[in-house]
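A short reminder: the numbers here are calculations on the coordinates, not readings from a lab. Everything numeric in this text was worked out from a predicted model, so none of it was measured. In this analysis, Cβ positions are derived from the backbone assuming ideal geometry, glycine residues included, and neighbour counts consider all displayed protein chains.
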Amino acid sequence: MTRKGERDSCLRGNDGGYAAPAIRYTLAPSDSLLGRAVNSPPEPLISVLLPTYNERENVAALAPAILDVLRSAPCEVIVVDDASPDGTAAAVRRMAAADPRVRLVERSGKRGLAGAVFAGAREARGRFVAVMDADRSHDPEELPDMLARAADGYDVVIGSRYVEGSAFLGQPFLRRLISRLLNAAARTLLLLPYNDVLTGYAVCRRELLAEPRTRYSSPGFKWLLELLSTRRGLSVYEWPIVFHDRQAGFSKASALEALRLGALCVRLAAWRCLHRG
Ligand SMILES: Nc1nc2c(ncn2[C@@H]2O[C@H](COP(=O)(O)OP(=O)(O)OP(=O)(O)O)[C@@H](O)[C@H]2O)c(=O)[nH]1
Ligand SMILES: [Mg+2]
């Protein structure tokens, strides 16, 4: 791994061409961005969306960590919980009572990660939304850099696991292999020129998720694939992330998700054919 702020990143538009293969930072980009943010209107600059199902322990650690990283920026953390039996919502309610930047959106029953992301984006007030897994796989320390790229004008900043400078910590080899193969299949089938189209970590303008073109991914996980497939002319930046294995609790990923992904690819391909031109 190269040091934070010195990593090469790749930048691609929908035409598939590399626009800026190497970007080098000499100062923490967050400083200038957050300095600007302090003078911006009172509405949050960024809303961080955390979809949760049985993540009480993780979210209790992650939400304060996010607020700490973004402490100089107007921000909010919106937890979208699907009636987790482990009491995730009660834990978030306690945090929200102590800090108005924490908000809870509750849905009745487990209805899917992507649907939770769309629901959270509708409630969000920030100019930008960030989406992260709540299981602490995604490091909040990446947020200021990703937000800085979005504030620079990129429509979507992908927290990418597959560009130079990305790394995996602790995930079993087989999980990584399956994830990589599914990612390759999805980007090939949908002719997407990005390296990671299935990550759960990204920053984008709020309206891209609050007003999605389709909601085919709602019952499953792959909201980013849907966003990238249904919007034309997006400028996309892939920021390399370090992906950690979940810190506590149990995975909700299953073979069903792979089947859902196949069906989603077919539906999105059909949608793109219908909306060509
Ligand atoms: N609201 C909501 N959140 C969900 C649902 N399914 C998963 N999540 C959350 O989405 C995030 C990703 O789910 P994970 O279980 O970590 O899936 P994964 O990262 O593919 O699997 P692991 O690598 O094993 O952790 C976590 O924050 C989950 O709590 C759901 O149906 N509703
Ligand atoms: Mg996870």
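The table below gives the values:
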| quantity | calculated |
| --- | --- |
| Table column - 3J(HN,Hα) (Hz), the range 109-123, Karplus curve with 6.51, -1.76, 1.60, x for Gly and Pro | x, 6, 10, x, 4, 5, x, 5, 5, 4, 5, x, 5, 5, 7 |
| Length gained when the stretch Asp99-Ala270 is fully extended (0.36 nm per residue, less Cα-Cα span) | 57.1 nm |
| Using θ = phi - 60° and Karplus 6.51 cos²θ - 1.76 cosθ + 1.60, couplings along the range 125-136 (whole Hz; Gly, Pro as x) | 10, x, 5, 10, 10, 10, 10, 9, 5, 8, 8, 6 |
| Projected-area mean, the range 95-224, by convex hull of Cα positions, square nanometres | 9.4 nm² |
| Burial order of peptide ranges 87-99, 172-184 (average beta-carbon count within 10 Å, highest first) | 87-99, 172-184 |
| Integer Hz, Karplus 6.51/-1.76/1.60 couplings in order for the range 175-187, x for Gly and Pro | 4, 5, 5, 4, 4, 5, 5, 5, 4, 4, 5, 5, 6 |
| Difference of contour (0.36 nm per residue) and Cα-Cα distance, Ala65 to Ala167 | 34.6 nm |
| DSSP-defined antiparallel bridges as percent of all bridges, the range 7-274, nearest 5 | 35 percent |
| Convex hull volume per residue for the range 7-274, taking Cα atoms only, in Å³ | 118 Å³ |
